[in-house]
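The values are calculated or read from the model by the stated rules, or taken from the named source; none is laboratory data. Everything numeric in this text was worked out from a predicted model, so none of it was measured. Each accessible area value is taken on the protein alone, full model and side chains, heavy atoms only, with ligands, DNA and RNA left out. Shrake-Rupley method; radii C 1.70, N 1.55, O 1.52, S 1.80 Å.
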Amino acid sequence: MTTSWTPAETGGRPARAGHGNNAARAVAWLRFAAKRSVGVAGIAVLVGAWWIATDVLALPGSFVRHFSPVEAGASFMQLASQSDLSIHILVSLRRVLVGLGFALLIGVPLGLAVGTSSERRSSTPR
């Protein structure tokens with residue numbers, strides 16, 4: 001028994017090779033590629049707008065030019081080529097986790113106290 005999966009049943013992905021007819025697979029593949037290309041095009045537009053705003057429209061020598069995608073790419077490549085990138089990631093994660101811990105320690109008891117408070121919030125009857 002062979003089963004042919006539709007793109008809706010595969011989560012929007014095209015059907016596997018060997019299942020269904022070629023026309024349905026081609027249509028499914030085109031829909032899949034169209035969805036992915038829209039995402040890639042959106043990212044390309046954002047990076048293009050970033051580049052235009054920081055490299056083309058910014059005045060020469062302005063502070064904004066330090067935040068261009070060209071500068072960011074060069075800095076990222078330099079950081080990625082060094083061995084201390086993992087140290088920077090771990091320090092950032094530690095800061096996030098410490099902040100989350102403080103938020104939980106303060107926020108949960110405060111939320112429970114407010115939720116169990118019997119004081120009425122307004123003077124008008126309901």
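Before moving on, here are some points about what is shown:
- In this view, the solvent-accessible surface of His66, computed with a 1.4 Å probe and all protein chains in place, comes to about 120 Å².
- If the chain linking Arg36 and Ala23 were pulled fully straight, counting 0.36 nm for each residue of separation and taking away their Cα-Cα distance, it would gain 2.7 nm.
- Here Val40 sits with roughly 100 square angstrom of accessible surface, probe radius 1.4 Å.
- From the alpha carbon centroid of the range 22-81 to that of the range 85-101 is 27 Å.
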